[in-house]
1. Would the range 93-109 turn up any residue that is away from the ligand (no atom under 16 Å from the Cβ) and under 20 Å from the mean Cα position of the chain (by Cα)?
2. Considering only the range 204-260, how many residues are farther than 15 Å from residue 159 by Cβ and either hydroxyl-bearing (Ser, Thr, Tyr) or touching a Lys or Arg at 6+ places or on another chain (Cβ under 7 Å) (or both)?
3. Looking for something under 15 Å from residue 305 (Cβ atoms) and more than 16 Å from the ligand (Cβ to nearest atom) - is there at least one such residue anywhere in the range 50-64?
4. Please state which of the following conditions residue 266 fails to meet, knowing it meets all the rest: (1) of a type outside the set (D, E, K, R); (2) more than 16 Å from the ligand (Cβ to nearest atom); (3) out of contact with any helix residue (DSSP H, G or I) (no Cβ under 6 Å at 6 or more places or on another chain).
5. Farther than 24 Å from residue 167 by Cα, away from the ligand (no atom under 16 Å from the Cβ) and either of a type in the set (Lys, Arg) or buried (at least 18 other Cβ atoms within 10 Å of the Cβ) (or both): is that true of residue 281 in this structure?
6. Looking at 155, 148, which is the one that is under 17 Å from the mean Cα position of the chain (by Cα) and either in the same structural domain as residue 61 (by TED's automatic domain parsing) or touching a residue at least 60 places away in the same chain (Cβ under 8 Å) (or both)?
7. So if I check each of 247, 233, 222, which one is buried (at least 19 other Cβ atoms within 10 Å of the Cβ) and within 16 Å of the ligand (Cβ to nearest atom)?
Amino acid sequence: MAGQGFLNRDILSTKDFSRAELDLIFNTAKDVEENPGRYRNTLTDKRVALLFLEPSTRTYGSFEASAVNLGCKILSNRNPAVTSITKGETLHDTIKMIESYDTDCIILRDRRMGSSRFAAEVTDLPVINGGSGSREHPTQAMLDLYTILKERGEIDRVSMGFVGDLRYGRTCSSLSYALAGFDDVEISFIAPPILQVRREVEIYLEQRGVSYTKSTELRGAIPGLDVLYVTRIQKERFPDPTDYERIKGSYVVDNSVLALGEEGLGVMHPLPRVDELSPEVDSTGHAWYFSQAANGVPVRTALLSLVLGG
Ligand code: NCD
């Protein structure tokens, strides 16, 4: 398949992708779902390094499953506690070492802001950001958009609510940047003041003419939404733990909240959830979050295929 500008490309931020490029990813992901045999074992000569220095279930697992589908060899390092980073090794040196192991691509998750962009400057290999600090998680945003496309038929004209930790949650900013490339999108940011969306995200949306509102009250924001994107409070990213203690449990999405919305209101969540999304929602038609997570495999298979030239 022609990479059309994707070959050996870094995937660092959703800001770097045009709508046409996102469409290519979605079309490829759809093809992966419809014709899996076309992709199976097409990249048996490629070696993919999974360097996950923060906890992960879905991002790691779906990249691994995608690499396995494509027949890639996997070099895995997912426990920072047993790497030389605990001895004080820099990210620069870690990336240089991985590069020397005859790798074709590095998929990195790291708690530090800007870590993937830094890694991409250190190495000529393509770097895929699997989550960097509290700012960016581009491949999550791509699978989120793909989910909206599959469930609604289009991304344009979506009325999107984000609730939860919009300050430290990297999925919210990456998805907001990506949504700005679509037509007539409306965003409602719902959060306690100390967890509201960061100003830099607002500026990005304002520059692109995306209409958005901010509120603290969940129930009042529900009517008229097409999608409610729920996020976990990022306990591990709070500079002051007393702020977390004060704010935890401050909103819960359950069936009584969703009853205020439209019948077709979809609930998304990047997962893991803690207590912000009641399990009673799981058995309702609102629950998109498990199929959203499953969409990680076709989207990441598509990305690896495009970047590695499958
Ligand atoms: C998210 C992350 O790591 O940013 N999880 C994921 O990748 N699906 C969300 C979170 O940890 O809250």
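The values are calculated or read from the model by the stated rules, or taken from the named source; none is laboratory data. Bear in mind the structure is a predicted one, so any value in this text is a computation, not a measurement. For neighbour counting, all protein chains shown are included, and Cβ atoms are generated from backbone atoms with ideal geometry for every residue, glycine included.
1. As a first pass, look at the range 93-109 and keep what is away from the ligand (no atom under 16 Å from the Cβ): 93-106.
Then keep just the ones that are under 20 Å from the mean Cα position of the chain (by Cα); that gives 105-106.
Within the range 93-109, one or more residues are away from the ligand (no atom under 16 Å from the Cβ) and under 20 Å from the mean Cα position of the chain (by Cα).
2. 11
3. No; the residues of the range 50-64 include none that is under 15 Å from residue 305 (Cβ atoms) and more than 16 Å from the ligand (Cβ to nearest atom).
4. Condition (3) is where residue 266 drops out.
5. Details: farther than 24 Å from residue 167 by Cα: yes; away from the ligand (no atom under 16 Å from the Cβ): yes; either of a type in the set (Lys, Arg) or buried (at least 18 other Cβ atoms within 10 Å of the Cβ) (or both): yes.
Yes, satisfied.
6. Result of the check over 155, 148: 148.
7. 233
Here's the yes/no breakdown for (1) hydrophobic (A, V, I, L, M, F, W, C); (2) surrounded by 17 or more Cβ atoms within 10 Å (Cβ to Cβ); (3) modelled with pLDDT under 95:
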| residue | (1), (2), (3) |
| --- | --- |
| 40 | no, no, no |
| 50 | yes, yes, no |
| 62 | no, yes, no |
| 76 | no, no, yes |
| 86 | no, no, yes |
| 115 | no, yes, no |
| 125 | yes, yes, no |
| 134 | no, yes, yes |
